[in-house]
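Report on one structure; see the data block that follows.
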C-alpha cells in the first residue's frame, strides 16, 4: 500500500497526499466499525437467545484462538493460515480519482477478510467482537481494528524523494521478522494468560 499511496506517486497524479491518506484511514475505520457492529450484533443475538457462552468459556475460547493463532502464524507442522487469495484491485488507481480508490482500498482493509490475511490475530479479533455480545463495543473494537491496520501509511508522510522512500521500505523489511516473532509471542502469551485465568 505504501507504494501506491505515498507523496511521490500522488504528486505525479496531481493528488494531495493528506487528502488521499485521510480518505484511506477514515474508510478503513468505517470498514472496521461495520464488521465490528455486525459481529457484535451476532454475539448480542446469541446472548439474548441464551446461546452465548459464560465468561469463563468465552475467555477459554479466546485463549484457544490465541494459542492456535500462534501455531498458525509460526507455520508449525506446515499448517497455513486460511485466507482468500486476492488483493485490492490495482487498476482502481488508474480508473478513479485518488480519494475514490483510497476509500475503496481502506474499506476493504478495515473489513479485514476481503484480502489476504497475514496473521491469525485478525480472526482472533473477529472472535472477540462476537464474544463481547454488544453492538456498541463491537463497533468500537472494529473501528480501532480498522485504524491500527491503516495508520502504517503515515510512515511515508515525510518522503520527499525516492531515496527516502527506499530507506523506509528497507527499514520495514528489516523489522518484518522481529515484528512477526513479537506477534506470535503475544498471541501465545495472551492465549496462555486467558487459559490460566479460566483455570483459577
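Since every read-out is calculated from the coordinates, none of them should be taken as a lab result. Being a predicted model, the structure only gives us computed values, none of them experimental. As a convention, Cβ positions derive from the backbone with ideal geometry for all residues, glycine included, and neighbour counts pool all protein chains shown.
Here are some notes:
- When peptides 57-67, 78-88 are ranked by their average number of other Cβ atoms within 10 Å per residue, the highest-first order is 57-67, 78-88.
- Taking the centroid of alpha carbons for each part, region 2-51 and region 139-154 are 7 Å apart.
- Estimated [θ] at 222 nm from DSSP helical runs (n ≥ 4, -39500 (n - 2.57)) normalised by residues in the chain, nearest 500: -24000 deg cm²/dmol
- Helix 17-48 and the longest principal axis of the C-alpha atoms of the chain enclose an angle of approximately 20°.
- Crossing angle, helix 162-199 versus the chain [Cα axis fit, 0-90 degrees, rounded to tens]: 10
- Relative to the longest principal axis of the Cα atoms of the chain, the long axis of helix 121-131 lies at roughly 50 degrees.
- Projected area, mean over directions - region 97-139, Cα convex hull, nm²: 3.7
- Two-decimal Rg to Rh for the chain - Kirkwood Rh, Cα set: 1.03
- P(r) tail fraction, region 110-200 - alpha-carbon pairs more than 17 Å apart, %: 65
- Burial order of peptide ranges 171-182, 115-126 (average beta-carbon count within 10 Å, highest first): 115-126, 171-182
- Residue separation of residue 55 and residue 92 scaled by 0.36 nm, minus their Cα-Cα distance, works out to 8.9 nm of gained length.
- Mean-square fluctuations from a GNM of the chain, with a 10 angstrom spring cutoff on Cα atoms, peak among 25, 42, 168 at 168.
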